[in-house]
1. Looking at region 76-108, which of its residues are assigned to a strand (DSSP E or B) and over 17 Å from Val65 (Cα atoms)?
2. Considering only region 79-101, I want to know if a residue exists there that is at positive phi and touching a residue at least 60 places away in the same chain (Cβ under 8 Å).
3. Can you tell me how many residues within region 98-119 are of a type in the set (D, E, K, R) and surrounded by 15 or more Cβ atoms within 10 Å (Cβ to Cβ)?
4. Which ranges mark the strands (runs of 3 or more DSSP E) fully within region 14-66 that have 2 or more residues being more than 20 Å from the chain's Cα centre (by Cα) and under 29 Å from Tyr128 (Cβ atoms)?
5. List every residue pair whose Cβ atoms sit under 9 Å apart, with the two residues 6 or more apart in sequence or on different chains, where the first one lies in region 30-58 and is farther than 15 Å from Leu16 by Cβ and modelled with pLDDT under 85 and the second, anywhere, is among the aliphatic types (A, V, I, L, M) and assigned to a strand (DSSP E or B).
6. Can you go through Ala66, Ala79 and tell me which one is among the hydrophobic types (A, V, I, L, M, F, W, C), crowded, with 17+ Cβ neighbours inside 10 Å and at pLDDT 85 or above?
7. Go through region 125-140 and report how many residues are loosely packed, with under 10 Cβ neighbours inside 10 Å and not in a helix (DSSP H, G or I).
8. Out of everything in region 1-29 that is among the hydrophobic types (A, V, I, L, M, F, W, C) and at pLDDT 80 or above, what residue ends up being surrounded by the fewest Cβ atoms within 10 Å (Cβ to Cβ)?
Amino acid sequence: MVWTTGTTTHPLIQSLPIPPSHCKKGGRLLVTPTLRLPHFPEVFAAGDCAADLQNPQILPPNAQVAYQQGEAIAGNLLAISQGKPPTSAEVHLRGSLLKLGLGVARANLFENFVVTGKAAHLMRLGIYLTLLPNLAHHLEATTQWLNNESFNLFSNSACEQKQCCRWVGGIGVVVALLGMGWWFARRANRPAQTIS
């Protein structure tokens with residue numbers, strides 16, 4: 001498999017009045033460790049449009065970096081609003097997940113442990129599910145995935161009629177949703193934990 005796509009800087013970033021000396025190759029903006037632009041300290045940049053000025057380590061332009069830097073920016077905005085100094089952003093890479101086709105993926109966990117094939121595909125789906133913002137997204141994605149998995153499983157075997165495959169997939173989705181509902185109900189009834 002050959003992947004020939006690339007990344008490019010968004011036109012909005014390219015249109016900013018920032019000298020080329022304050023940009024890295026590819027148009028990424030050089031930022032301080034607190035993710036502020038050096039000549040515009042009221043502006044923050046993160047993700048694949050930013051590169052740390054003092055730390056030449058190249059962070060991959062992926063979601064986990066953007067999520068962590070976004071949290072750091074939110075914390076810094078809160079600190080500034082309370083009259084406190086902003087802090088440096090820290091990014092901890094947890095590895096990478098790559099979809100390689102239908103039901104096949106590769107997972108490199110913490111740059112130490114590699115999983116490939118169907119197991120990596122299921123791991124990728126599970127990790128992606130934990131990053132969705134709310135219960136509605138969880139249910140929608142889970143329903144779609146279970147339906148796709150059930151349909152693919154039975155459409156390639158002895159079950160040749162589409163109606164039969166739809167029934168089996170539908171039953172699988174209903175069972176999964178009932179199981180998830182039971183699991184969420186149990187979690188909702190747990191006493192709240194306090195963190196000190």
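The values are calculated or read from the model by the stated rules, or taken from the named source; none is laboratory data. As the structure is a prediction and not an experimental result, all values here were calculated from the model. When we count neighbours, we look across all protein chains shown, and the Cβ atoms used for this are built from the backbone with ideal geometry, even at glycine.
1. Answer for region 76-108, where residues must be assigned to a strand (DSSP E or B) and over 17 Å from Val65 (Cα atoms): Lys99, Leu100, Gly101, Val104, Ala105, Arg106.
2. Yes, region 79-101 contains at least one residue that is at positive phi and touching a residue at least 60 places away in the same chain (Cβ under 8 Å).
3. Of the residues in that region, 1 qualify.
4. Result: 29-31.
5. From residues that are farther than 15 Å from Leu16 by Cβ and modelled with pLDDT under 85, the pairs are Asp52/Leu30; Asp52/Val31; Leu53/Leu30; Leu53/Val31; Ile58/Ala51.
6. Only one candidate passes the filter, namely Ala66.
7. Here the count works out to 2.
8. Leu12
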